[in-house]
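Take a look at the structure below.
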Amino acid sequence: MIIETATPDDLSKLLAFRQEAAGWLTDLGTDQWQRPYPADKLLATIQQGVVFMVRDGAATAATITLTPDAEDGLWSEWELADPSMFINKLTVARTHAGRDLGGRLLDWAGDRAFHSGAAWLRLDAWTTNARLQDYYLQHGFSYVRTVTDGGAVNGGPRVSGWLAQRPTAPCGAHGLTDHTDRLPAA
C-alpha cells in the first residue's frame, strides 16, 4: 500500500469516507460525525497539503490529516511550546478494517512528525466515544485531559475534546510506501 498527498480530485472520496464512517459509528451506538462535514472546509485542508490517502491498488483504503496547526482552544500555551504535529480525521474504509491499518497510519504519522522536528504526536477524539479513546491508548497515546467547553456552534459543549499524545519516533515498520513530500518543521 502507498500513501500519498490528497488532491482536490479526492474530495468526493473523502466525503464518502466520512459518510461511511458515520454510518458505522451509528451502528456502534455513538453520535460521532453525524453532521455532514463542510466540503469547502475539507477542500481547504486538501489544498494545504495536510491530507493523506492510503491506496491499495485502485482502492482507497484510508485517510489521515496530519498538520502542525493545533485546533483553537484545545492545547495550552505551555503544551504548544513543544513542537507538535496533530492528527485528525483518521478513517479506514470498511473494506480494509481489521488489519490495523489505522495503527500503521499512526506509526507513519509519528515517523513523519519525528522527521519534521516534532516532539509530540497529538490528537483530539470524540468525548463520548470510549472505544475510540481505548484504541488510541492501545496505540501508545497517553490521555492528557478532556476539554468540554468552547468548541461547538453557538457556544455549546465541545464534542471532540478528549486529548491524547505520544512522543514521536522514527518507524520504518509501518509498511506503507511513502509517496508524499515531507512536511515543514513543526
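The values are calculated or read from the model by the stated rules, or taken from the named source; none is laboratory data. Just so we're clear, the structure is a prediction, and the values are computed from it rather than from any experiment. Neighbour counts run over all protein chains shown; Cβ positions are idealised from the backbone, glycine included.
For ARG122, the criteria (1) at pLDDT 95 or above; (2) assigned to a strand (DSSP E or B); (3) surrounded by fewer than 20 Cβ atoms within 10 Å (Cβ to Cβ) hold in every case but one, which is (3). Here ALA119 fits the description: touching an Asp or Glu at 6+ places or on another chain (Cβ under 6 Å) and either closer than 19 Å to ARG18 by Cα or in contact (Cβ under 8 Å) with a residue 12 or more places away in the chain (or both). For GLY110, the criteria (1) modelled with pLDDT of 95 or more; (2) within 18 Å of ALA6 (Cβ to Cβ); (3) touching a Leu at 6+ places or on another chain (Cβ under 6 Å) hold in every case but one, which is (2).
Conditions tested, residue by residue: (1) modelled with pLDDT of 90 or more; (2) part of a helix (DSSP H, G or I); (3) surrounded by 13 or more Cβ atoms within 10 Å (Cβ to Cβ).
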residue: MET85; (1), (2), (3): yes, no, yes
residue: GLY117; (1), (2), (3): yes, no, yes
residue: LEU132; (1), (2), (3): no, yes, yes
residue: GLY140; (1), (2), (3): yes, no, yes
residue: ALA186; (1), (2), (3): no, no, yes
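Scanning segment 122-143 for residues that are free of Cβ contacts under 8 Å to residues at least 24 places away in the same chain and not acidic (Asp, Glu) yields ALA130, GLN138, TYR143. Which of the residues spanning segment 77-99 are under 19 Å from THR168 (Cα atoms) and out of contact with any Phe, Trp or Tyr (no Cβ under 9 Å at 6 or more places or on another chain)? Selection gives TRP78, LEU80, ALA81, ILE87, ASN88, LEU90.
Out of the residues in segment 46-61 that are within 15 Å of LEU15 (Cβ to Cβ) and within 14 Å of the chain's Cα centre (by Cα), state the one that is surrounded by the most Cβ atoms within 10 Å (Cβ to Cβ). Among those that are within 15 Å of LEU15 (Cβ to Cβ) and within 14 Å of the chain's Cα centre (by Cα), it is VAL51. Here segment 45-83 is the region considered, the condition is being without any contact (Cβ under 8 Å) to a residue 40 or more places away in the chain and in a strand (DSSP E or B), and the residue that is farthest from ILE2 (Cα to Cα) is THR67.
Can you tell me which residue within segment 61-76, out of those that are small (Gly, Ala, Ser) and over 23 Å from ALA173 (Cβ atoms), is modelled with the lowest pLDDT?
Just the residues of segment 61-76 that are small (Gly, Ala, Ser), to begin with: 61-62, 70, 73, 76.
Subsequent filtering for residues that are over 23 Å from ALA173 (Cβ atoms) retains 70, 73, 76.
Details: ALA70: 93, GLY73: 87, SER76: 92.
Checking each candidate, the answer is GLY73.
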